[in-house]
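One structure below.
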Amino acid sequence: MLKDDEIKRLRQAIIATVASPVIGSIEDYTWEAIFHYVKNIPLSDPALGRSKLLYDAVDLVTQTGWSLKSLQLNKLNIGSSFFFVIQRADIIKKAVQLGYPGLTEQSSPDALGAAIIQHWNEKIISSQAAQGVVNSYESILLKTIKGYEYIYCEFPLYPLDPNTFSWAWTVDKMTGLSGAGLQGSVTGKIELIWYKNQKQLFRARTIPAQAVCITVQRTRLTLDRYVETVLSALEDQINTQFSEDEPE
């Protein structure tokens with residue numbers, strides 16, 4: 001979880017971000033940029049290309065990697081659960097590669113579930129190796145639509161044990177037949193849902209008691225003030241870099 005100084009930096013970064021009139025909400029790369037600021041680690045320019053590997057932020061010194069997610073919920077309550085996409089998992093197309101030749105959507109739930117776990121675990125293991133990650137985490141910023149309430153959650157992120165899961169198709173309430181979602185449960189609690197139509201894998205998380213809650217006043221700069229401020233800061237930064245690079 002975040003240290004006290006990191007919580008302060010997170011709060012400051014959120015205030016600065018929502019003050020920008022060109023940013024609607026904190027999501028995707030905006031959250032990645034904020035997190036890099038919070039952890040004080042280098043941030044690459046997305047125009048140079050973005051990796052499809054699991055970890056959006058990596059501290060090479062501590063060998064720590066974070067998979068970053070930002071989600072909007074109706075309410076932010078400690079102890080409440082939520083689902084979010086963790087991976088596109090076309091396990092049927094990759095059946096042979098995963099070691100499950102002959103796998104189809106009509107295969108048993110347990111066979112499909114085993115392939116789903118294998119697909120996800122391979123993503124974690126290969127990304128850890130490629131990105132030099134030993135300490136693996138999933139870091140999630142939760143927010144409400146009004147943009148002044150935030151919760152930061154952090155969870156260990158390691159390969160799943162397929163033997164702990166039981167699998168069953170959801171039931172269509174209208175027809176009573178098997179639905180489109182395959183649910184993976186651990187001790188009766190749904191942890192994963194795979195939707196066969198979109199090939200998307202969802203994971204359940206519960207907001208922990210130690211989550212960091214942040215409330216800010218949503219104050220926005222005017223467009224003119226924003227552009228003038230950024231251009232002025234940019235000019236100062238360029239001049240500073242030029243003077244530092246200039247030979248004595």
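Just so you know, the Rg over Rh for the chain is 1.04, from Cα atoms, with Rh as the Kirkwood radius. Charge dipole (Cα centre; +1 on Lys/Arg Cβ, -1 on Asp/Glu Cβ; no other charges) of segment 43-106 amounts to roughly 160 debye.
For segment 55-150, trypsin sites (Lys or Arg not before Pro) meeting the loop criterion (DSSP other than H, G, I, E, B) and having at most 11 other Cβ atoms within 10 Å: Lys75, Lys93, Lys146.
Normalising the average separation of contacting C-alpha pairs (under 8 angstrom, six or more residues apart) by the number of residues puts the relative contact order of the chain at 24 percent. Placing +1 on each Lys and Arg Cβ and -1 on each Asp and Glu Cβ, with no other charges, gives segment 110-248 a dipole about its Cα centre of roughly 1220 debye. Averaging the Cα positions of each part gives two centres, and for segment 60-98 and segment 1-21 these lie 22 Å apart. Between Phe155, Phe202, Phe82, find the one with the highest GNM mean-square fluctuation for the chain; connect C-alpha pairs within less than 10 Å. Sorting by GNM fluctuation, first place goes to Phe82.
If Rh is defined by the Kirkwood formula over all Cα pairs and Rg also comes from Cα, what ratio Rg/Rh do you get for segment 129-248? Show your work: numbers first, answer last.
Details: Rg = 23.9 Å, Rh = 20.0 Å.
That ratio equals 1.20.
Comparing mean-square fluctuations of Ile91, Ile238, Ile140 from a GNM of the chain with C-alpha springs under 10 Å, the top value falls on Ile238. Computed from the C-alpha gyration tensor, the three semi-axes of the ellipsoid equivalent to segment 1-53 are 19, 16, 8 Å, from longest to shortest. The H on the amide N of Ser67, modeled in the peptide plane, is under 5 Å from the matching H of Asp56, Tyr137, Glu138, Ser139, each at least 5 residues off or on a different chain. Projecting the Cα atoms of Asn163, Cys153, Asn135 onto the dipole axis of segment 135-179, where Lys and Arg carry +1 and Asp and Glu carry -1 at the beta carbon, places Cys153 farthest toward the positive end.
FYI, it's all coordinate maths here, none of it is from the lab. Keep in mind it's a predicted model, so treat the numbers as computed, not measured. Note that each Cβ is placed from the backbone with ideal geometry, even for glycine, and that neighbours are counted across all protein chains shown.
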